[in-house]
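As structure tokens, the structure follows; a few thoughts come after it.
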Amino acid sequence: MARPQARYACQQCGAIHAKWTGRCDGCGAWNSLIEELPRESPPQGRGKGGLNHRAGRLLGFVGLTGPSVLPSRRRTGIAEFDRVCGGGFVPGSAILVGGDPGIGKSTLLLQAAAAIAPPPGELEAKPAIAAYITGEEAIDQVRLRAERLGVAASPMLLAAASNVRDILASIDRDDGPDLVVVDSIQTMYLDTLDSASGTVSQVRGAQELIQMAKRRGFVLVLVGHVTKEGVIAGPRVLEHMVDTVLYFEGERGHQFRILRAVKNRFGATDEIGVFEMSDRGLVEVPNPSALFLAGRATPGEGADENEPAGSSVGHLSGSAVFAGMEGIRPVLVEVQALVAPAVLGTPRRAVVGWDGTRLAMITAVLDTRCGLSVGTNDIYLNVAGGLRIVEPAADLAVAAALVSALTATPVPADTVVFGEIALSGDVRPVGHTEARLKEAAKLGFGEAWMPIRRSKAAGRSRGAEAGLATVAIGHLSELVTRLSPQRAPRSRSLREVAP
Ligand code: TYD
Ligand code: MG
């Protein structure tokens with residue numbers, strides 16, 4: 001029999017070429033073609049002469065309405081995890097969990113697998129079977145970790161394997177597992193492919209695992225690594241193939257971790273789950289704001305309005321609490337700024353947890369529109385707790401921290417700040433006002449400095465509902481006036497001022 005004709009597949013876009021070229025015609029990527037040998041027998045319907053029309057079955061078209069069975073979900077019992085998945089795992093679905101090495105993916109999934117398959121006697125219903133297949137660690141390592149996490153009693157099936165064929169053969173059975181975790185897809189290979197490269201093999205391997213999950217109705221969780229650029233290593237095709245893509249992220253040196261849904265065919269993508277890495281694994285954080293504000297004096301507790309400035313923690317100048325949103329969850333974080341006279345010709349800028357370009361813009365607006373001279377100083381800006389803020393709504397909080405640092409006037413300890421700043425210095429409204437105010441009220445804050453809301457009557461009642469005094473700031477100069485009345489250049493009248 002003749003050797004099947006070799007073909008070349010692009011690792012980036014999956015395009016198939018008959019000949020090797022340096023550059024893929026499909027996506028323009030260089031050096032991405034890898035030789036592979038096609039299957040021994042072509043799949044049905046795709047004979048030598050292209051699509052065979054006679055081999056196709058007629059589709060039974062249906063309307064949009066009709067009886068549909070809502071997917072019954074399988075909860076892990078880890079509330080933060082279930083929420084991000086849209087209320088639990090959907091049987092027959094495939095989930096890709098990405099994240100930097102060492103962030104805690106294996107820990108999280110071992111905990112989730114143990115939670116879905118609790119030790120006998122803990123649940124009356126028939127317990128689920130979970131299988132954890134590791135291609136990265138030895139059995140002993142996983143056992144040690146399970147011991148440490150306190151889940152060693154779970155009747156989980158554990159195996160160390162990296163051959164996709166072996167895995168498929170072991171789980172293709174009627175009494176097979178309900179949850180299969182494959183850690184990680186980068187370590188998996190298919191021996192029927194001749195290609196030396198891991199990526200093509202990964203995609204095919206993942207494809208076969210996903211097909212099996214759909215056929216057998218189990219939940220498949222694939223772990224994937226993330227590259228420096230923040231995409232899952234290997235071809236993007238992997239992200240298209242699965243039903244749900246979750247990213248597990250966090251800052252090194254900080255304890256908190258955020259699980260974020262970036263794609264979900266069975267739920268919303270703006271949900272996040274917050275965890276804290278402890279010595280006994282990941283612990284859910286139901287109230288992230290408290291975590292991020294930890295170490296700061298709680299409003300109404302230590303900080304007293306009559307105390308001299310800087311006398312208590314959280315009452316120092318250069319700090320403002322930002323009422324932010326992570327997806328649809330409100331999260332309060334402290335923005336800290338330090339402004340010092342520049343020693344060298346070019347002032348230094350050091351930003352942690354925020355965008356440096358945006359900081360440059362805000363200093364420029366403060367200088368040009370409010371007559372301050374912030375820009376000539378060294379500026380250090382830090383978002384406490386290690387969170388990365390990407391929302392433009394943080395502009396006003398950053399400006400408040402900067403002006404407060406410059407004028408050595410503390411922002412009142414029970415105040416939260418949010419709003420987007422335009423180049424004109426106007427403060428623009430931002431979304432989710434109500435959620436931000438509610439969260440601030442819940443944590444004991446009494447006042448919010450925020451943009452003017454379009455419908456004032458509605459705004460006032462909403463603010464009052466949340467139990468917060470709202471101070472509308474229409475222009476950045478009004479914020480400057482609040483923080484240093486004597487410096488205010490062209491003081492605009494304050495609208496709706498709560499003294
Ligand atoms: P791991 O789950 O192996 O990360 P990943 O699979 O994403 O590469 O997590 C490794 C890190 O987590 C490691 O640096 C140690 C830390 N860790 C704890 O702090 N506490 C624990 O209980 C466990 C199991 C791990
Ligand atoms: Mg791991």
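The values are calculated or read from the model by the stated rules, or taken from the named source; none is laboratory data. Nothing here was measured: the structure is a model prediction, and the numbers come from that model. As a convention, Cβ positions derive from the backbone with ideal geometry for all residues, glycine included, and neighbour counts pool all protein chains shown. Quick note on the areas: whole protein, heavy atoms, side chains included, nothing else; ligands and nucleic acids left out. Shrake-Rupley method; radii C 1.70, N 1.55, O 1.52, S 1.80 Å.
Amide H to amide H distances under 5 Å link Glu271 with Ala261, where only residues 5 or more positions off or on other chains count and H is placed in the peptide plane. Per-residue Karplus couplings for region 283-288, computed as 6.51 cos²θ - 1.76 cosθ + 1.60 with θ equal to phi - 60°, are listed in order as 10, 5, 10, x, 10, x Hz, Gly and Pro entered as x.
For Val221, nonlocal amide neighbours, meaning residues 5 or more places apart or on other chains whose placed amide H falls under 5 Å from its own, are Ile95, Val180, Val181, Val182.
Given H placed on each backbone N at 1.01 Å, which residues far from Met325 in sequence or on other chains put an amide H within less than 5 Å of it? Residues meeting the criterion, in which the H sits 1.01 Å from N, are Val331.
Computed from backbone phi with θ = phi - 60° and the Karplus coefficients 6.51, -1.76 and 1.60, the 3J(HN,Hα) list for region 206-214 is 4, 4, 5, 5, 5, 4, 5, 4, 5 Hz; x is used for glycine and proline. Here the contact order of region 359-456, divided by its residue count and restricted to Cα pairs under 8 Å and six or more residues apart, works out to 26 percent. The phi torsions of region 366-371, fed into the Karplus equation with coefficients 6.51, -1.76 and 1.60 and a -60° offset, translate into couplings of 4, 5, 7, 8, 10, x Hz, rounded to whole numbers, with Gly and Pro shown as x. Ranked by solvent-accessible area (1.4 Å probe, protein heavy atoms only, all chains present), the residues Lys105, Lys19, Lys263, Lys438 order from largest to smallest as Lys19, Lys438, Lys263, Lys105.
The order of the peptides 282-290, 394-402, 445-453, 471-479 by mean Cβ neighbours within 10 Å, most packed first, is 394-402, 471-479, 445-453, 282-290.
For region 311-415, the Cβ-based charge dipole about the Cα centre amounts to some 160 debye (Lys, Arg positive; Asp, Glu negative; other atoms uncharged).
Does region 54-158 come out rounded, prolate or oblate by the C-alpha gyration tensor, with a ≥ b ≥ c the root eigenvalues, rounded set by a/c under 1.5 and, if not, prolate when a/b is larger than b/c and oblate if not? Cα axes put region 54-158 in the prolate bin.
Measuring nothing but protein heavy atoms, the accessible surface of region 340-401 at 1.4 Å probe radius is 59 percent carbon and sulfur. A cut-off under 11 angstrom between Cβ atoms defines the neighbours of Val417, and their net charge, with Lys, Arg +1 and Asp, Glu -1, is -1. Put a plus charge on the Cβ of each Lys and Arg, a minus charge on the Cβ of each Asp and Glu, and nothing anywhere else: the dipole of region 88-161 about its Cα centre is then about 60 debye.
Relative contact order of region 377-432, taken over Cα pairs closer than 8 Å and 6 or more residues apart, is 33 percent. Among 175-186, 349-360, 266-277, sorting by the average number of other beta carbon atoms lying within 10 angstrom of each residue, highest first, gives 175-186, 266-277, 349-360.
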